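Presented below is the structure to which this report refers.
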Amino acid sequence: MPEVVTDVVCPFCGCLCDDLEVVVENGKIVEVRNACSLGTAKFLSAQKEDRIRKPYIRKNGKFVEVSLEEAINKAAEILVNANRPLLYGWSSTECEAHRVGIMLAEELGAVIDNTASVCHGPSIIAVQEIGLSGCTLGQVKNRADLIIYWGSNPSSAHPRHLSRYTMFCRGFFRDKGAKERTLIVVDVRRTDTAKLADYFVQVKPGGDYELIQALRYAIKTGDLDKNEVSGVPRDLILKIAELMKSCHFGALFFGLGLTMSKGKHRNIDAALSLVRDLNRYTKFVLMPMRGHYNVTGFNTVSTWMTGYPFSVDFSRGYPRYNPGEYSAVDVLLREECDAALIVASDPVSHFPRKATEHLARIPLIVIDPHWTPTAMLADVILPPAIAGIEVDGTAYRMDHVPLMLKKVIDPPEGCLPDRELVKMILDRVRELKARSS
């Protein structure tokens, strides 16, 4: 008889949709209800035959299956013998693993970083400088009558964001759904989300900063002395400015189109200042569209434990923070690290070529359930249970609301949670250091 597990939190993107129903029969997932195609694929991929199920060590250029104890010992030896190890990833695993990972980084005097440094790192830097007018996604659902997506395409990256939290949902004060809301999309091209918009603002690549400042000027003065800014006509800028000022509750969601284009964190500075200006006239909030399901969780746990959200260096025995110096890409490009532990991430598929080349030259430990390009370069591979599917844990939604991940099925034999694998490495590192002291 199939078992239906309800109220399951989806461990894919920052939406952390918590209304999934997973049908389990004979210990296998046979159906996933309410999830988007991306979330469904995440659950079903846990059962793929080509999944990593055993520990491996590279010997004579080939992967050899070994015991978990031998793999842990080898990983600990690599990290202890390194002068400046790098610990990277973390955004697709539970907060409990983050805690142990930061403890390991401190023990090793390592650099620890997560995927925020290559996505919403500029957002975090800007919030530290300006401050944030934010809220929960529930507040947006219940109150917002103006929704803006800037440099973001949720139809592809966060498929249920529009239907659960913004446009196509009935809120307490917006019970008519989309009929009571206005959608504005700002992007360099007409995306699938832009096709749904009431107003599509096509900005020139790299022109976001100028357009935001033009909107700020128009909001304050009601006029604009330019015929166009960043490819956007004056009349449209004035129209958007008036919609922003006259709404009851506005929400601006922004993605990598804003954080990783020309201007970086200065774009976010300007967006935060825009929202601050708007709050003189109405209620307006801003929220980054976080990608990995627990990237916010790592930033939160790291801030609790070190005082800093990402790119933290423990080489002097205490945490230091400097994005651009202690970020994973920069440490690799300068060839400063001489060993790496990658957890729940695939930097080889995403980092610049020179950074990847250095990663391939140094001893590499990977904790990942799948055969990724990063795993193929590893010297040690540890197979974890998948958080939110095979083990429980804590994750933070993009609005900083913590949610409990559920265990739906049992993991393959011998696959332990990330937190336990990292804790085993930490314990072994302490043993090796004690012997040598």
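The values are calculated or read from the model by the stated rules, or taken from the named source; none is laboratory data. Remember, predicted model here, so these are calculated numbers, not experimental data. Positions of Cβ are generated from backbone atoms using ideal geometry, with glycine treated the same way; all protein chains shown enter the neighbour counts.
Among the residues of the range 261-284, those identified as among the small types (Gly, Ala, Ser) and either surrounded by fewer than 21 Cβ atoms within 10 Å (Cβ to Cβ) or touching a Lys or Arg at 6+ places or on another chain (Cβ under 7 Å) (or both) are SER261, GLY263, SER273.
Residues in the range 340-363 that are outside any helix (DSSP H, G or I) and surrounded by fewer than 23 Cβ atoms within 10 Å (Cβ to Cβ): ASP346, HIS350, PHE351, PRO352, ILE362, PRO363. Pairs meeting the criteria (first residue in the range 417-437 and under 14 Å from ALA105 (Cβ atoms) and in the same structural domain as VAL80 (by TED's automatic domain parsing), second residue surrounded by 19 or more Cβ atoms within 10 Å (Cβ to Cβ) and small (Gly, Ala, Ser), beta carbons under 8 Å, at least 6 apart or on different chains) are VAL422/ALA97; VAL422/GLY101; ILE425/ALA75; ILE425/ALA76; VAL429/ALA76. Considering the range 298-313, and only residues there that are surrounded by 20 or more Cβ atoms within 10 Å (Cβ to Cβ) and aliphatic (A, V, I, L, M), the residue that is farthest from HIS400 (Cα to Cα) turns out to be VAL312. Six or more apart or on different chains, Cβ atoms under 8 Å: show the pairs whose first residue is in the range 268-293 and without any contact (Cβ under 8 Å) to a residue 60 or more places away in the chain and whose second is assigned to a loop (DSSP other than H, G, I, E, B) and buried (at least 17 other Cβ atoms within 10 Å of the Cβ). Close Cβ pairs satisfying both conditions: THR282/CYS247.
Does the range 245-260 contain any residue that is under 24 Å from the mean Cα position of the chain (by Cα) and surrounded by fewer than 19 Cβ atoms within 10 Å (Cβ to Cβ)? Yes: the range 245-260 contains one or more residues that are under 24 Å from the mean Cα position of the chain (by Cα) and surrounded by fewer than 19 Cβ atoms within 10 Å (Cβ to Cβ).
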